[in-house]
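Please treat every number below as a calculation from the coordinates, not as lab data. Please read these numbers as outputs of a predicted model, since none were measured by experiment. When we count neighbours, we look across all protein chains shown, and the Cβ atoms used for this are built from the backbone with ideal geometry, even at glycine.
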Amino acid sequence: ERTVQRIAAGEVVERPASVVKELVENSLDAGASRVAVSVEAGGTEGIRVRDDGVGIPDDQLEAAVAEHATSKIGDIEDLDRGVATLGFRGEALYTVGAVSRLTVRSRPPDAQAGAEITVAGGDVGEVRPAGCPAGTTVEVDDLFYNTPAREKFLKRTATEFDHVNTVVTGYALANPDVAVSLEHDGRETFATEGNGDLRSAVLAVYGREVAESMIDVAWTPDGAEAGGVVDDAPVQRVTGLVSHPETTRSTREYLSTYVNGRYVTASALREATLAAYGGQLAPDRYPFAVLFVEVPAGDVDVNVHPRKLEVRFDEEPAVRDAVESAVEEALLDYGL
Ligand code: ADP
Ligand code: MG
């Protein structure tokens with residue numbers, strides 16, 4: 001009851017995209033090399049995330065959907081993990097099960113047979129044998145079906161799908177070594193190869209024109225040997241890809257930023273990226289960017305908005321300078 005109330009207050013599960021985010025993170029945590037996301041009606045009718053990760057043994061399925069169940073407790077202290085599980089801490093499957101019809105079907109690679117468990121509006125069913133490939137499939141149907149005023153939480157299908165697409169794209173670009181695919185109402189939106197190459201992931205997600213316009217960014221602070229670390233530097237590395245100033249869109253949606261491997265948003269990163277282009281962008285046009293920034297773990301505050309991706313930096317001016325220099329140098333090296 002308490003969970004349903006909290007969810008009803010929009011505190012835990014905000015929308016289909018927040019469910020997708022949690023399920024994809026679980027798949028990545030499980031060491032998957034393939035993550036296939038498929039949604040119906042923007043995720044409002046159905047969400048399915050299938051992976052080929054370590055799986056969940058049948059005798060642990062019940063625990064996985066229970067309150068505060070996590071097999072990752074030791075890691076929560078760790079900042080990187082803290083970002084991953086923030087807002088849930090072993091509650092993702094439990095809270096989703098409280099406000100939908102949730103099925104978790106899984107088989108660890110070395111198990112003979114798979115098993116599944118279903119939770120409907122918080123009622124946990126029996127663990128049953130199920131034929132399935134190695135890995136885990138999580139299905140979420142009829143999100144919010146049992147919450148008062150379901151409509152209040154859900155916008156138009158197209159809006160919900162945009163959010164899902166943004167989230168899955170974010171993880172696909174952050175993990176070029178994982179084959180990530182997205183399907184909406186039975187039609188493939190994109191599928192990355194998982195070959196470890198960022199440019200190839202960009203090609204899959206944004207198409208050939210954008211991929212071909214992308215310029216490499218590789219910045220380290222003064223004094224860094226190749227691949228080395230400069231003690232006390234507020235930014236250790238900025239890498240990724242940015243588009244040619246003529247390959248743009250009319251929204252900032254395609255500026256994807258990552259801090260210490262985590263997908264985040266921070267106005268400092270976006271503004272610094274745009275500043276680097278100087279006057280090269282046409283009015284109200286924005287480039288594509290996929291930028292990975294590495295800072296000392298203690299220097300980034302992930303608690304600004306627990307459910308959102310927003311972060312804040314202790315050394316914000318230094319982070320801005322580093323990102324602006326990184327992109328500026330990349331454009332200069334390219335002859336721009
Ligand atoms: P958390 O991720 O914070 O541990 P969740 O509610 O998201 O909490 O998941 C509960 C547990 O279920 C996880 O700790 C993990 O053991 C298991 N689990 C969930 N999804 C998967 C998956 N895709 N593959 C393997 N194990 C999973
Ligand atoms: Mg989780």
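Dividing the helix sum by the residues of the chain, where each DSSP H run of 4 or more adds -39500 (n - 2.57), gives a mean residue ellipticity at 222 nm of -9000 deg cm²/dmol.
When the alpha carbon gyration tensor of the stretch 96-206 is reduced to an equivalent ellipsoid, its three semi-axes come out at 28, 24, 9 angstrom, largest first.
Pairing the Cα long axis of helix 157-174 with the longest principal axis of the chain, what angle in degrees results, from 0 to 90 and rounded to the nearest 10? Its long axis makes an angle of about 60 degrees. With respect to the chain, whose longest principal axis is taken over its alpha-carbon atoms, helix 316-333 is tilted by about 70°. Considering only 213, 49, 281, the residue lying farthest towards the positive end of the dipole of the chain is 49, judged by Cα position with unit charges set on Cβ.
If you plug the beta carbon distance of residue 126 and residue 310 into 1/(1 + (r/R0)^6) with R0 = 30 Å, you get a FRET efficiency near 0.15.
Of all the options 170, 298, 207, the one that moves most in a Gaussian network model of the chain with Cα springs shorter than 10 angstrom is 298. Mind running the shape call on the stretch 133-189? Use the C-alpha gyration tensor, a ≥ b ≥ c as the square roots of the eigenvalues: rounded below 1.5 for a/c, prolate if a/b tops b/c, oblate otherwise. Note, shape of the stretch 133-189 comes out prolate. Starting from the Cα of residue 60, step 7 Å along the direction of its Cβ; do the same at residue 318; then give the gap between the two resulting points in nm. Each label point is offset 7 Å from its Cα along the Cβ direction, giving 3.9 nm. Charged side chains reduced to their Cβ positions (Lys and Arg at +1, Asp and Glu at -1) give the stretch 169-229 a dipole of some 100 debye around its Cα centre. With the convex hull of its Cα atoms as the shape, the chain has an orientation-averaged projected area of 17.7 nm². Counting Lys and Arg as +1 and Asp and Glu as -1 over every other residue whose Cβ lies under 14 Å from the Cβ of residue 62, the net charge comes to -4. The share of Cα pairs per 5 Å bin across the stretch 147-251, counted from zero up to the longest distance, runs 2, 11, 15, 16, 16, 14, 11, 7, 5, 3, 1, 0 percent. Oblate is the label for the stretch 221-332. Its Cα gyration tensor axes, ordered a ≥ b ≥ c, give a/c of at least 1.5 and b/c at or above a/b. Counted by neighbouring Cβ atoms within 10 Å, the residues 271, 22 run from fewest to most as 271, 22.
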